[in-house]
Amino acid sequence: MKKTIYILLLAIVQLAVTTSCSNDDERYIYVKPADVNRNVLIEDFTGQRCLNCPNASAQIDSLIAQYGHDAIIAVSIHSGPLGFKGSAKFTGLATSLGDTYYNHWNCDHQPIGLVNRVGGLQDYPAWPALVRQALSLKSTIEMEATVSYNDTTHEASIKVNMLGTNGTTRGKLQLWVIEDSITAMQVMPDGKPKPDYVHKHVLRAAVNGDWGQDVTIDEGVESTATAHYTVDKAWDPKHLWIVAFVYNNDGVVQVIKSHF
């Protein structure tokens, strides 16, 4: 009799444990990640010999002042026939990389730019309306980037975390190095060169290839990309940033930047 009662009690305990575990499992309900605002990438095709390019730069300054440095991320791509690669007297900011992008997008004048790579090339007076439209959208991914820099070796280590917030996002992750506060010649709207013009967010290099690397980012899943880059000794690390963005055929999905 005692043995029978013991067996019955053991069965009840096992049933209770099983039921408890089942209830615990049911509490693990998937929670969809929160929507994130979409930042805006402005690719400004510019040149030091371009009379109207300072006006485009002023337009970018106005948009940053209105919406903030995190929401508006500009990259000045010195390139094309009005770009300047330097001389014995003046520092040049144009690069072969800039020319690659200038030719790819079939630019035919400067200044001209892309706003999140949606709607094609646009002159700078159209940028404010395009920025407002882009900022009204949500992104399907959340991104953050960190950069560590070794002053001795001039080596930068870059880490980008990406979290899917809605479905699966396929595209390319692009990493650019940009530099602020470069004092160099610029032809002004009055046609006169200004030797001490301060250039901002100048494209210096592509870290992971001219067109980036393939990425697939699933909802609720965090992906990580890392890269290393040896910085040119002529660049000032105090003014360097990494711009990281994911893009596909629909445009720029999300863009962020991180200071060295």
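The values are calculated or read from the model by the stated rules, or taken from the named source; none is laboratory data. None of these values were measured; they are calculated from a predicted model. Note that each Cβ is placed from the backbone with ideal geometry, even for glycine, and that neighbours are counted across all protein chains shown. Just the protein is used for accessible areas: all its heavy atoms, side chains included, with ligands, DNA and RNA removed. Shrake-Rupley method; radii C 1.70, N 1.55, O 1.52, S 1.80 Å.
What do you get when you divide the Cα radius of gyration of the chain by 2.2 N^0.38 Å, with N the number of residues? Provide the component values of the computation, followed by the final result.
Numbers: Rg = 25.5 Å, N = 260, 2.2 N^0.38 = 18.2 Å.
Dividing the Cα radius of gyration by 2.2 N^0.38 Å gives 1.40.
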Self-check item: Largest to smallest accessible area among PHE260, PHE90 [probe 1.4 Å]
Solution: PHE90, PHE260
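How much mean residue ellipticity at 222 nm does the chain get from its helices, if each DSSP H run of length 4 or more adds -39500 (n - 2.57) and you divide by all residues, to the nearest 500 deg cm²/dmol?
Numbers: 4 runs with 59 residues, N = 260.
My calculation for the chain gives -7500 deg cm²/dmol from helical runs alone.
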Self-check item: Separation between Cα centres of the range 187-260 and the range 51-90, rounded to whole Å
Solution: 13
Practice problem: For helix 2-27, report the angle its Cα long axis makes with the longest principal axis of the Cα atoms of the chain; keep it between 0 and 90° and round to the nearest 10°. | Solution: 20
Exercise. Calculate, axis by axis, the spread of Cα positions in the range 121-260 along the three principal axes, and write the results as whole Å, longest axis first.
Key: 52, 44, 20
Quiz item: Given LYS32/LYS159; LYS85/LYS194; LYS85/LYS233; LYS200/LYS233; LYS172/LYS200, which pairs have Cα atoms separated by over 23 Å?
Solution: LYS32/LYS159; LYS172/LYS200
Practice problem: Using the Karplus curve 6.51 cos²θ - 1.76 cosθ + 1.60 with θ = phi - 60°, work out ³J(HN,Hα) for each residue of the range 52-58 in order, rounded to whole Hz, and write x for Gly and Pro. | Solution: 8, 5, x, 5, 5, 5, 5
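In the range 83-188, which trypsin sites (Lys or Arg not before Pro) fall in coil by DSSP and have 13 or fewer other Cβ atoms within 10 Å? Let's see the in-between values first.
Values: sites: LYS85, LYS89, ARG117, ARG132, LYS138, LYS159, ARG170, LYS172; in loops: LYS85, LYS89, ARG117.
Taking the range 83-188 and a limit of 13 other Cβ atoms within 10 Å, the loop trypsin sites (Lys or Arg not before Pro) found are LYS89.
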Self-check item: Listed residues TYR247, TRP127, GLN174: farthest to the positive end of the dipole of the range 36-259 (Cβ charges)
Solution: TRP127
